[in-house]
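Structure, as structure tokens:
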Amino acid sequence: MRALVLLIMFLGLSAAVAADRPNIILILADDQGWNALSTRMHPDIPGSGSTYYQTPRLVQLAKEGMRFSQAYAPAPTCSPTRYAIQFGRSPSSLQIWGADNIGKNVDAAVTDSLANRLKKANPDYVCAHMGKWHIEWEPSELGYDVAEYGDGHDPNVTRGKNRNNPDSPHPRDPRFIFSLTRKANAFMEKQVQEDRPFFLQISHYANHLTYQALPETIEKYKTQHAKKATPYQNSPVWAAMNENLDAGVGSVLDKIDELGIRENTYVIYTADNGYEDKHDYHKPVDQRGYYKAFPQRSHKYHVSEGGIRVPFIVRGPGIPANTHSAEPVVGTDIYATAMDIINGTRQFPDTVEGGSLLDHLKSSGEQPIRRKDPFLVFKYTKPNNRHDLTIVQGRHKLIKDADSDQLLLYDLVEDIGESKNLAEEKPEMTKQLYAQLTAYFKRLDWDESEIPKINLEGRRN
């Protein structure tokens, strides 16, 4: 009897210890737009999901957790978003304004990275990165104990200069989806065997160029799914790659169940920016077109909704199933959320701008999300092309076309396609948001040549 009592006490203690050391898995898709999943990000907006692309495992993940319908990548392109996630700060705060000024001169200290701070808060944690990195520091410098970039058959394919966007040479492993998944699953199994909590970041190369997919999946979209194509979503190869990515995610979810860690593991799914496209580089904000992201305007490289709004799903302990939030969230929130999950919020630096989503998630969206600022700011510049600044607060979004100095105000609830400029109709709202935008950049000591001072009539002062 005494032995039974001791066993029960031991099992109870083990469960309590496990609950204090939850696992966190971040799955980051590449170039996957807001409506790339076959589930709606917003239950009442048909265009927030796809009827052509098929992603059954992500549909299930959304049913098991909370989906966010106004979720943003920190930037409309790859690398700035990845830096932002690692440091919990906007790319602008890190002094990144595009894809070509990135290096170790980023305004951040390696000791402030998510993995380094997470391990400082709890040394038991093992941190791993799988896949696309696109950061000048090595993963080990930012606190990752394990780093893998592909299938490992040919190190030159997935390391060095080619590791950011390598094409897979293996027909059964398009964009390294399945080899990355196998490595992630092996990592999880090892940590469970050794009773170590973990933070695992799986950064897929899909759906970046060059598009690759299993031949049989491509054939399915050429035949049985062909009638579901739309004027905006109609590429069998892209659709197949997107479905293969979904299958990779599903394999990770299956492994979580196999290892018996589902009740102690948080899964965060999102993307680094919107769909890839090369149109409209030189066009003003209000002249950019509609592409895969329709009804949203534009695509990657632009701060229009099609460039920065992305899928965002979280599943984990205490998060009610099949819930939805329309609150604006951003990839920089992942840092604070992860630290909150492990009770490590006292260990992250004052520079962190993102807010923890944990209370919001567990309360079905009732609890507010608290950040340093009540708004989100985005900026992007591509050399020899247009550059924009943007602020989002609640349902309103203000874009400054920094080439023309034009201000554009949109109500994203009524006009998700950013088709009606309300700047003249709502001058006070325009003035308020623009003042917040410029004050934010002034706080960061940005050169005024980057943000010309303008009045509401659009003339330089």
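The values are calculated or read from the model by the stated rules, or taken from the named source; none is laboratory data. This one's a predicted model, so the numbers in the text were calculated from it and none came from an experiment. Neighbour counts run over all protein chains shown; Cβ positions are idealised from the backbone, glycine included. Remember, those area values only see protein heavy atoms, side chains included, never the ligands or the DNA or RNA. Shrake-Rupley method; radii C 1.70, N 1.55, O 1.52, S 1.80 Å.
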With crowded, with 18+ Cβ neighbours inside 10 Å and over 21 Å from the mean Cα position of the chain (by Cα) as the only criterion, which of 379, 400, 426 stands out?
400
What are the pairs with Cβ atoms under 6 angstrom where one residue, in the stretch 60-80, is closer than 22 Å to residue 46 by Cβ and open to solvent by 10 Å² or more (accessible area, probe 1.4 Å) and the other, located anywhere, is among the polar types (S, T, N, Q) and in a loop (DSSP other than H, G, I, E, B)? Sequence gap at least six, or different chains.
63/322
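Can you tell which of 254, 277, 246 is acidic (Asp, Glu) and in contact with a helix residue (DSSP H, G or I) (Cβ under 8 Å, 6 or more places away or on another chain)? Let's see the steps before the verdict.
Details: 254 fails: in contact with a helix residue (DSSP H, G or I) (Cβ under 8 Å, 6 or more places away or on another chain); 277 fails: in contact with a helix residue (DSSP H, G or I) (Cβ under 8 Å, 6 or more places away or on another chain).
From the options 254, 277, 246, the qualifying one is 246.
Where residues in the stretch 254-286 are part of a helix (DSSP H, G or I) and open to solvent by less than 10 Å² (accessible area, probe 1.4 Å), which of them is nearest to residue 193 (Cα to Cα)?
Going through the qualifying residues, I end up with 256.
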Among the numbered conditions (1) outside any helix (DSSP H, G or I); (2) surrounded by 16 or more Cβ atoms within 10 Å (Cβ to Cβ); (3) of a type outside the set (Val, Ile, Thr), tell me where residue 220 comes up short.
(1)
Out of the residues in the stretch 403-423 that are small (Gly, Ala, Ser) and at pLDDT 95 or above, which is surrounded by the most Cβ atoms within 10 Å (Cβ to Cβ)?
423
Here's a check for you: in the stretch 321-346, which residue that is of a type in the set (D, E, K, R) and surrounded by fewer than 24 Cβ atoms within 10 Å (Cβ to Cβ) is farthest from the chain's Cα centre (by Cα)?
346
In the stretch 47-55, is there at least one residue being in contact with a strand residue (DSSP E or B) (Cβ under 9 Å, 6 or more places away or on another chain), in a loop (DSSP other than H, G, I, E, B) and crowded, with 22+ Cβ neighbours inside 10 Å?
no
Among the residues of the stretch 99-115, is any of a type outside the set (D, E, K, R), in contact with an Asp or Glu (Cβ under 7 Å, 6 or more places away or on another chain) and at pLDDT 95 or above?
yes
Would you please list the contacts, defined by Cβ atoms under 7 Å and residues six or more apart or on different chains, that run from a residue in the stretch 338-350 that is without any contact (Cβ under 8 Å) to a residue 40 or more places away in the chain and among the acidic types (Asp, Glu) to a residue that is outside any loop (DSSP other than H, G, I, E, B) and surrounded by 14 or more Cβ atoms within 10 Å (Cβ to Cβ)?
340/358
Of everything in the stretch 192-218 that's under 25 Å from the mean Cα position of the chain (by Cα) and among the polar types (S, T, N, Q), which residue is farthest from residue 259 (Cα to Cα)?
210
Among the residues of the stretch 383-391, are any under 24 Å from residue 443 (Cα atoms) and either open to solvent by 30 Å² or more (accessible area, probe 1.4 Å) or among the aromatic types (Phe, Trp, Tyr) (or both)?
yes
Sole residue being among the hydrophobic types (A, V, I, L, M, F, W, C) and either outside any loop (DSSP other than H, G, I, E, B) or surrounded by fewer than 21 Cβ atoms within 10 Å (Cβ to Cβ) (or both), chosen from 133, 137
137
Within the stretch 351-367, tally of residues that are assigned to a loop (DSSP other than H, G, I, E, B), open to solvent by 30 Å² or more (accessible area, probe 1.4 Å) and touching a residue at least 24 places away in the same chain (Cβ under 8 Å):
2
Test result for residue 142, part of a helix (DSSP H, G or I) and either open to solvent by less than 10 Å² (accessible area, probe 1.4 Å) or modelled with pLDDT under 95 (or both):
no
Any pair with Cβ under 9 angstrom, 6 or more apart, that starts in the stretch 321-332 at a residue that is on the phi > 0 side of the Ramachandran plot and ends at one that is among the charged types (D, E, K, R) and open to solvent by 20 Å² or more (accessible area, probe 1.4 Å):
322/63; 322/64; 322/67
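Taking residue 182, is it at pLDDT 90 or above and surrounded by 15 or more Cβ atoms within 10 Å (Cβ to Cβ)?
Numbers: at pLDDT 90 or above: yes; surrounded by 15 or more Cβ atoms within 10 Å (Cβ to Cβ): yes.
Criteria met by residue 182.
Quick one: which residue in 318, 289 is open to solvent by 30 Å² or more (accessible area, probe 1.4 Å) and either touching a Cys at 6+ places or on another chain (Cβ under 8 Å) or part of a loop (DSSP other than H, G, I, E, B) (or both)? Spell out the reasoning first.
Working: 289 fails: open to solvent by 30 Å² or more (accessible area, probe 1.4 Å).
Going through 318, 289 in turn, just one is open to solvent by 30 Å² or more (accessible area, probe 1.4 Å) and either touching a Cys at 6+ places or on another chain (Cβ under 8 Å) or part of a loop (DSSP other than H, G, I, E, B) (or both): 318.
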